[in-house]
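Novice: Questions regarding the structure given below will be posed in turn.
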Amino acid sequence: MIQETYSAAANPEISETSELHVLFAGESQTVNNHRLGPKVYDYYLLHYVEEGQGSFQTEYAQYDLQAGDCFLILPEQLVSYASDPENPWRYRWIAFAGVQANLLIERAGFTPRTAVCSPGTESGIPSLLEQVLQTFRSKKSNSDLASLGCLYLVMAEAEQSLVQAGALPAGESGVQRIVKQMIQYMASQYAHPMSIEQMCSSLGYNRAYLSRIFKKETGFTPVTYLLKLRIDKSRQLLRERPELSIEQISSSVGLADALYFSRQFRRFHGQSPSEYRRDAAHGNR
């Protein structure tokens, strides 16, 4: 017979003027059919399921959850959640509030209709929640800052999970932000022999999903956009740096193969790099 355990600690350093603050954190091993709600809360409450199974009911959907899943309760939303009758769950939680809290959960990708993510059993979220709990128990003067740091890391992992699952629908600000990150990454790394696979790995997102949303937002695939960016940069060098050889310019924009660079330049501009440079020197460009 599973014995119920419960432990929680409140933030000893909450500032009433803070725009975002963690209220409390806790952990519990529930018993069979343990149920909370239907009820409403006036703060955000994120749970991570460490073991077992259970269900989560919102005003919009019902979710069957297991180890490695997270569920978020939004303020003023009627919710209920219950542990499995055979395999009751053990979970950790963190509660937070403040005028910036809604922006934080929107950035992560949570909405009233997307209240669950699945970072997996290898996630770092449970250790972060444990850190918050222990920090509050220590009653140190930096508890508020330490808990905020953990909360941001938790939300960063939740965002990654939602993106990889394709849970952020096209057209939302989250998608536009991700595309902007991709563009900024390419703009900063085009001079290096980077690949789209490297970019996806660096940003921590699934390539198929990134390619889909990038094409929808920009009209280009990431591969075409990166190549076009490199060719555009090479045009500037061809005009402004006449002392550089075609090979040096090709290398300077991240294309080690000068023949490939020349073929792609002609593809985009209908002439070779040398012809473009000659016309530019005569004021035809």
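Novice: Return the long-range amide H neighbours of Ile73 (sequence gap of 5 or more, or a different chain), with a cut-off of under 5 Å between placed amide H atoms.
Specialist: Close amide H contacts, sequence-distant or interchain: Leu45, Leu46, His47.
Novice: Another question, if that's okay. Give me a comma-separated list of calculated 3J(HN,Hα) values for the stretch 140-151, in order, Karplus coefficients 6.51, -1.76, 1.60 applied at θ = phi - 60°, integers in Hz, x for any Gly or Pro.
Specialist: Along the stretch 140-151, the couplings run 6, 5, 9, 4, 5, 5, 4, 5, 5, x, 5, 4 Hz.
Novice: Moving on to the next point. Given a cut-off of under 8 Å on Cα pairs at least six residues apart, what relative contact order in percent is computed for the stretch 68-227?
Specialist: 22
Novice: Relative contact order, percent, of the stretch 135-285 when contacts are C-alpha pairs under 8 Å separated by at least 6 residues?
Specialist: 18
Novice: Now for a separate question. Could you work out the relative contact order of the chain, using alpha carbon pairs under 8 angstrom and six or more residues apart, expressed as a whole percent? List each step's numbers first, then the result.
Specialist: Working: 484 pairs, mean separation 42.8, N = 285.
Relative contact order, the chain: 15 percent.
Novice: Grab the chain and count how many Lys pairs have their alpha-carbon atoms under 30 Å apart, sequence gap of 8 or more, or different chains.
Specialist: Pairs that pass both the separation and distance tests number 8.
Novice: Hey, what do the phi angles of the stretch 20-32 turn into as Karplus ³J(HN,Hα) couplings, whole Hz, using 6.51/-1.76/1.60 and θ = phi - 60°, x for Gly and Pro?
Specialist: 8, 8, 8, 8, 6, 9, x, 8, 7, 9, 8, 9, 3
Novice: Further question: Using the Kirkwood formula on the Cα atoms of the chain, what hydrodynamic radius do you get, in angstrom to one decimal?
Specialist: It works out to 22.0 Å.
Novice: Out of the GluC sites (Glu not before Pro) in the stretch 193-285, which ones are loop residues according to DSSP with at most 10 other C-beta atoms within 10 Å?
Specialist: Listed in order of number, the matching sites are Glu243.
The numbers here are math on the coordinates, done by the rules we state, and not lab data. Nothing here was measured: the structure is a model prediction, and the numbers come from that model. Here the Cβ is made from the backbone with ideal geometry for all residues, glycine too, and neighbour counts use every protein chain on show.
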